[in-house]
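The values are calculated or read from the model by the stated rules, or taken from the named source; none is laboratory data. Not measured: the values here are computed from a predicted model. All Cβ positions, glycine included, derive from the backbone under ideal geometry; neighbour counts span all protein chains shown.
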Amino acid sequence: MADTAAHNETHAEPNYLAVFGWLFVLTVVEVGIIYLPIPKLLIATGLVLLASVKAALVAIYFMHLKFEKVVIWWIAIIPAILCVFLILMLIPELV
């Protein structure tokens with residue numbers, strides 16, 4: 001009985017329309033970045049950063065990670081850090 005009471009915690013419902021609005025704005029910014037007269041490396045970096053922000057928004061609000069315990073955050077963040085580390089270690093081989 002006590003176990004089911006812990007799972008029935010209530011939390012405020014996220015404002016899904018606001019999250020959708022932010023995702024839409026970030027997508028418009030991504031499309032706009034492509035047409036800027038800047039080096040391709042900066043375009044790629046900007047697109048990756050914006051995609052990461054969008055992925056975080058989706059994970060936090062639509063996958064309800066905002067309301068999970070800290071362990072779930074570590075399970076999500078550690079592979080992302082390792083992925084970035086791997087990419088940075090492989091960049092010298094591309095140059």
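So which residues in the range 35-78 are modelled with pLDDT of 85 or more and of a type in the set (Phe, Trp, Tyr)? The one that is modelled with pLDDT of 85 or more and of a type in the set (Phe, Trp, Tyr): Tyr35.
Just so you know, in the range 40-92 the residues that are at negative phi and not in a helix (DSSP H, G or I) include one that is surrounded by the most Cβ atoms within 10 Å (Cβ to Cβ), and it is Glu68. Of all residues in the range 9-33, which are more than 19 Å from the chain's Cα centre (by Cα) and at pLDDT below 95? Matches in the range 9-33: Glu9, Thr10, His11, Ala12, Glu13.
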